[in-house]
Amino acid sequence: MFNLKAGSGQVIGTSQSYTSASASENIDASVESNAPSARVDDQTT
């Protein structure tokens, strides 16, 4: 499990817990391949 933090240190996202290292690695690979095309919804403005 990990937390995603903003520059201010505020936690803005938390991952789920994984049952195995391989499950976690599969998610890592998915994020790496899908993130470049992900839509950004910047709600700070």
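Just for the Cα atoms in the chain, what are the lengths along the principal axes, largest first, rounded to whole Å?
38, 25, 13
Taking θ as phi - 60°, what are the ³J(HN,Hα) couplings along the stretch 15-26 by the Karplus curve (6.51, -1.76, 1.60), each to the nearest whole Hz, with x for Gly and Pro?
With the stated coefficients, the stretch 15-26 comes to 6, 7, 7, 10, 7, 8, 5, 5, 5, 5, 5, 5 Hz.
Only the coordinates and a few stated rules stand behind these numbers; no lab work does. Because the structure is a prediction, the values reported are computed rather than measured.
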